[in-house]
Amino acid sequence: MPKILIIDDEKSIRNTLREILEYEKYEVEEATDGEDGIDKISNAKYDLALCDIKMPKMDGIEVLEKAQKVNPELPFIMISAHGSIETAVDAVKKGAYDFIQKPPDLNRLLITVRNALDKSSLVTETKTLKKKISRSWDIVGESEPVKEVKEAIAKVAPTDARVMITGENGTGKELVARWLHMESSRSTQPFVEVNCAAIPSELIESELFGHEKGSFTSAVKQRIGKFEQADNGTIFLDEIGDMSLSAQAKVLRALQENKITRVGGDKDIKVNVRVVAATNKDLKQEIQEKKFREDLYHRLSVILIHVPPLRKRKDDIPLLIDKFLEDIAAEYGTKRKSIDEDAIALLKSFEWTGNIRELRNVTERLVIMSGEKITAESVKKYC
């Protein structure tokens with residue numbers, strides 16, 4: 001049940017508002033003046049405040065400003081019998097959700113209260129989701145190879161330098177790409193991922209640059225490509241070593257001129273994207289075999305970040321398992337399983353050719369197949 005604080009020096013107004021709000025099943029508390037209101041906000045959690053503007057000791061605008069320092073997420077609806085456009089604008093500029101004149105119209109009051117609570121709920125939910133997303137893309141590990149990767153990200157992320165991420169399959173190259181984006185000035189803009197290995201060579205150009213209606217048989221309508229979708233943000237070209245030579249030539253032009261042309265089109269479209277690429281291939285060997293353009297390689301590899309395989313960072317395995325156990329329990333909605341030290345020691349002895357992806361899958365298998373606790377016997381039996 002939402003909890004609402006009414007801050008008003010007039011008892012009759014407080015009583016009226018309380019009666020209306022409690023009838024609508026809201027929990028209501030009262031403050032007799034601004035100082036009392038700030039004291040209550042400092043010592044209790046509220047979902048919304050209704051605050052009079054004209055009050056002795058401390059007026060409503062001052063209450064609003066002080067409350068924002070105590071709880072910046074608390075929405076305020078300002079109420080006054082001395083309403084004016086200037087007062088309303090001033091209140092909203094200083095952070096109020098809305099402004100209502102006395103005596104308040106019943107329908108307008110309830111709609112405003114409902115909307116303010118809905119907005120507050122959405123803001124809280126968004127922040128929670130962002131924290132979950134941030135945690136899900138966290139780079140776990142304290143080994144020296146991982147520290148080097150984290151240090152490189154910290155230095156490179158604030159710049160617009162293009163980055164080439166190398167490493168075996170399953171090592172976490174996408175995590176590095178996402179952290180480069182999240183720690184950059186483009187973090188509020190799109191992060192667009194393209195798996196170059198998963199798209200047929202005849203479709204990769206349309207996927208990257210879009211196409212015009214009628215440009216080929218199945219092009220029944222215009223399509224916006226990934227470069228345009230990532231405008232002002234970051235495009236992540238995963239497994240770029242699998243991209244066709246013709247698509248490589250177009251990517252090179254996009255990097256050189258900051259413009260692209262849709263398939264079947266003749267109009268240049270300006271784009272402002274940061275390009276991060278990744279590969280599990282030896283691109284220098286690919287260049288020698290004429291499978292990858294050397295000029296594109298040099299354009300993309302301004303900064304090189306190598307993500308180490310799990311066998312080179314085995315000291316991180318206990319931390320990774322701990323995170324996976326937590327994540328799996330949250331996904332399944334079950335109690336987090338514990339794991340014996342002997343089981344961890346045994347898992348550390350494996351070679352992990354599939355790297356972190358394999359470790360994650362094995363951990364999930366052990367959670368499903370083991371009893372109350374994951375033991376060394378469980379590892380021997382199910383791995």
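The values are calculated or read from the model by the stated rules, or taken from the named source; none is laboratory data. From a predicted model like this one, the values you see are computed outputs, not experimental measurements. Glycine also receives a Cβ, built like all others from the backbone with ideal geometry; neighbour counts cover every protein chain displayed.
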### Message
Could you check the stretch 297-313 and list, in sequence order, the residues that are touching a strand residue (DSSP E or B) at 6+ places or on another chain (Cβ under 8 Å) and assigned to a loop (DSSP other than H, G, I, E, B)?
### Response
301, 302, 307
### Task
Name, by its number, the condition in (1) modelled with pLDDT under 95; (2) loosely packed, with under 14 Cβ neighbours inside 10 Å; (3) in contact with a helix residue (DSSP H, G or I) (Cβ under 8 Å, 6 or more places away or on another chain) that does not hold for residue 370.
(2)
### Task
Determine, yes or no, whether residue 219 is within 25 Å of residue 174 (Cα to Cα) and either among the polar types (S, T, N, Q) or modelled with pLDDT under 95 (or both).
no
### Query
Taking residue 6 and the conditions (1) in a helix (DSSP H, G or I); (2) surrounded by 19 or more Cβ atoms within 10 Å (Cβ to Cβ), which numbered condition does it fall short on, given that it satisfies the others?
(1)
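From the list 25, 57, 45, exactly one residue is over 23 Å from residue 119 (Cα atoms) and in a loop (DSSP other than H, G, I, E, B). Which is it? Working first, answer last.
Working: 25 fails: over 23 Å from residue 119 (Cα atoms); 45 fails: over 23 Å from residue 119 (Cα atoms).
So the residue among 25, 57, 45 that is over 23 Å from residue 119 (Cα atoms) and in a loop (DSSP other than H, G, I, E, B) is 57.
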### Task
Give the residue that is modelled with the lowest pLDDT, with candidates limited to residues of the stretch 131-145 that are under 26 Å from residue 188 (Cα atoms) and assigned to a helix (DSSP H, G or I).
134
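Considering only residues that are outside any helix (DSSP H, G or I) and among the small types (Gly, Ala, Ser), look in the stretch 175-193 and name the one that is surrounded by the fewest Cβ atoms within 10 Å (Cβ to Cβ).
Taking the stretch 175-193 first, the residues outside any helix (DSSP H, G or I) are 183-193.
This time we only want the ones that are among the small types (Gly, Ala, Ser), so: 184-185, 187.
Working: 184: 21, 185: 11, 187: 13.
Top of the filtered list is 185.
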### Query
Is it fair to say residue 231 is among the charged types (D, E, K, R), under 21 Å from residue 299 (Cα atoms) and either assigned to a helix (DSSP H, G or I) or in the same structural domain as residue 287 (by TED's automatic domain parsing) (or both)?
yes
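With a cut-off of at least 1 residues that are free of Cβ contacts under 8 Å to residues at least 60 places away in the same chain and closer than 18 Å to residue 140 by Cα, name the helices (runs of 4 or more DSSP H) lying wholly within the stretch 329-383. Walk me through it before giving the result.
Details: elements: 341-348, 355-369, 376-382.
Those helices (runs of 4 or more DSSP H) span 341-348, 355-369.
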### Task
Keeping to the stretch 172-202, report how many residues are under 17 Å from residue 237 (Cβ atoms) and of a type in the set (Ser, Thr, Tyr).
2
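One residue is enough: does the stretch 208-217 have a residue meeting the conditions touching a Pro at 6+ places or on another chain (Cβ under 9 Å) and not in a helix (DSSP H, G or I)? Walk me through it before giving the result.
Here is the first cut: in the stretch 208-217, the residues touching a Pro at 6+ places or on another chain (Cβ under 9 Å) are none.
Checked the stretch 208-217: no residue is touching a Pro at 6+ places or on another chain (Cβ under 9 Å) and not in a helix (DSSP H, G or I).
Restricting attention to the stretch 282-299, and to residues there that are basic (Lys, Arg) and either under 25 Å from residue 154 (Cα atoms) or surrounded by 16 or more Cβ atoms within 10 Å (Cβ to Cβ) (or both), which single residue is farthest from the chain's Cα centre (by Cα)?
Step one: of the stretch 282-299, the residues basic (Lys, Arg) are 284, 290-291, 293, 299.
Imposing the further condition that a residue be either under 25 Å from residue 154 (Cα atoms) or surrounded by 16 or more Cβ atoms within 10 Å (Cβ to Cβ) (or both) reduces the set to 291, 293, 299.
Working: 291: 36, 293: 34, 299: 28 Å.
Only one residue tops the list, namely 291.
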### Message
Would you confirm whether or not the stretch 234-254 contains a residue that is surrounded by fewer than 21 Cβ atoms within 10 Å (Cβ to Cβ) and free of Cβ contacts under 8 Å to residues at least 24 places away in the same chain?
### Response
yes
### Task
With the checklist (1) free of Cβ contacts under 8 Å to residues at least 12 places away in the same chain; (2) touching a Pro at 6+ places or on another chain (Cβ under 6 Å) in hand, flag the one item residue 294 doesn't pass.
(2)
### Query
residue 266 is checked against (1) surrounded by fewer than 16 Cβ atoms within 10 Å (Cβ to Cβ); (2) part of a loop (DSSP other than H, G, I, E, B); (3) at pLDDT 95 or above and fails just one. What number does that condition carry?
(3)
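Among the residues that make up the stretch 153-160, is at least one of them assigned to a helix (DSSP H, G or I), at pLDDT below 95 and on the phi < 0 side of the Ramachandran plot?
no
If you check residue 302 against the conditions, is it β-branched (Val, Ile, Thr), surrounded by 15 or more Cβ atoms within 10 Å (Cβ to Cβ), within 30 Å of residue 237 (Cβ to Cβ) and under 30 Å from the mean Cα position of the chain (by Cα)? Reasoning before the result, please.
Working: β-branched (Val, Ile, Thr): yes; surrounded by 15 or more Cβ atoms within 10 Å (Cβ to Cβ): no; within 30 Å of residue 237 (Cβ to Cβ): yes; under 30 Å from the mean Cα position of the chain (by Cα): yes.
Against the criterion (β-branched (Val, Ile, Thr), surrounded by 15 or more Cβ atoms within 10 Å (Cβ to Cβ), within 30 Å of residue 237 (Cβ to Cβ) and under 30 Å from the mean Cα position of the chain (by Cα)), residue 302 does not qualify.
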### Query
For the stretch 164-192, which residues satisfy the criterion of being within 18 Å of residue 208 (Cβ to Cβ) and over 20 Å from the mean Cα position of the chain (by Cα)?
164
